[in-house]
Amino acid sequence: MDEANEICTYCNKKEMSYNYNKSLVTNSQTLRKNMTPEEKQIWYSFLKRLPYTVNRQKVIGNYIVDFYIAEKRTVIEIDGVQHKTPENEEKDKERDAELNKLDIQVLRYTNKAVNTVFNKVCDDILMKLGLTVNELKPVKSGKR
């Protein structure tokens, strides 16, 4: 397959169109099925309650982002300890800059923060999205 076929354009009514690397789609599907404990916690306990569609392991450009809210043009990243190495910190800065060029804000939280100050992480996300806790969808009882 030639390189031109590897880059596709994605578009929906709530956002500008952007290119994505088609070869990353299979990997993003695998990552969705194998979320980290911290990603699962924030997804099932909080992000599913937002009044927006939240995509998990979304391909944007040449990157797979943990969570993407198209309506708010916001990426939420949950970073493990591997992100603390100088090399990976630099890659994250480059990645964030590329996403910012697409007018996408990037919110980063560590696994440690999700595990130790979960409510503060959720409050920060709400504030950055311009929401209050009263705007969250109700908790569903029964199966997740």
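What follows draws every value from the coordinates through simple rules; no lab data is involved. Just so it is clear, the model here is predicted, and its values are computed rather than measured. Virtual Cβ from ideal backbone geometry, glycine too; neighbours counted across all protein chains shown.
Structure summary
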{"read-out": "Distance between region 52-93 and region 101-131 - C-alpha centres, whole angstrom", "value": "11 Å"}
{"read-out": "Stretch gain in nm, segment residue 88-residue 33, where the contour uses 0.36 nm per residue and the Cα spacing is subtracted", "value": "17.4 nm"}
{"read-out": "For peptides 51-58, 69-76, 33-40, 127-134, sequence by mean Cβ density within 10 Å, most packed first", "value": "69-76, 51-58, 33-40, 127-134"}
{"read-out": "Farthest toward positive dipole pole in region 3-135 [+1 Lys/Arg, -1 Asp/Glu at C-beta], among 80, 97, 118", "value": "118"}
{"read-out": "Region 46-119: antiparallel DSSP beta bridges as a percent of all, rounded to 5", "value": "55 percent"}
{"read-out": "Full-extension gain in nm, residue 62 to residue 136, via 0.36 nm per residue minus C-alpha separation", "value": "23.5 nm"}
{"read-out": "Check: region 3-135 dipole with +1 on Lys, Arg Cβ and -1 on Asp, Glu Cβ, in debye", "value": "500 debye"}
{"read-out": "Where only alpha carbons of region 3-135 are counted, the Rg and the Dmax (Å)", "value": "14.7, 47"}
{"read-out": "Average Cα contact separation per residue, region 3-135, under 8 Å, 6 or more apart, as relative contact order %", "value": "19 percent"}
{"read-out": "Distant alpha-carbon pairs in region 98-144 (separation over 13 angstrom), percent", "value": "68 percent"}
{"read-out": "Those lysines that a straight Cα-Cα span of less than 18 Å connects to residue 101, excepting residues fewer than 8 apart in one chain", "value": "14, 58, 72, 91, 93"}
